[in-house]
């Protein structure tokens, strides 16, 4: 049996810890208000023949795990891609992925 990751304590009023209680666009008392809200700034992906597991990572620490079917993963990927494209079109700025940002940070750090 695998050990569940421990959750770091909440350090600030912004959603830095997952799951958070009462954080989100839903009014208090609504059914959606009771659903945990997660924030992540990294991901890990594992696959099996039956499903995909997305490990949600916050500052290098796992904070949640999303296990989904391939059909749902495809639908999620398509929806996220469309949302990012709409954001880029609305702002006129291309969003860089984590690997691009990491390369830029490494280049910057090497020059300092």
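The values are calculated or read from the model by the stated rules, or taken from the named source; none is laboratory data. From a predicted model like this one, the values you see are computed outputs, not experimental measurements. FYI the Cβ positions are ideal-geometry reconstructions off the backbone, even for glycines, and counts take in every protein chain you see.
Quick notes on this one:
- Among residues of the range 67-95 that are touching a residue at least 12 places away in the same chain (Cβ under 8 Å), those with a beta-carbon under 6 Å from a residue that is surrounded by 10 or more Cβ atoms within 10 Å (Cβ to Cβ) and assigned to a strand (DSSP E or B) at least six positions away or on a different chain give the pairs 67/51; 67/53; 68/52; 69/51; 73/52.
- When residues of the range 55-112 are limited to those that are more than 20 Å from residue 37 (Cα to Cα) and in contact with a strand residue (DSSP E or B) (Cβ under 7 Å, 6 or more places away or on another chain), the one surrounded by the most Cβ atoms within 10 Å (Cβ to Cβ): 70
- Here residue 50 clears all of (1) modelled with pLDDT of 95 or more; (2) surrounded by 10 or more Cβ atoms within 10 Å (Cβ to Cβ); (3) touching a strand residue (DSSP E or B) at 6+ places or on another chain (Cβ under 9 Å) except the condition numbered (2).
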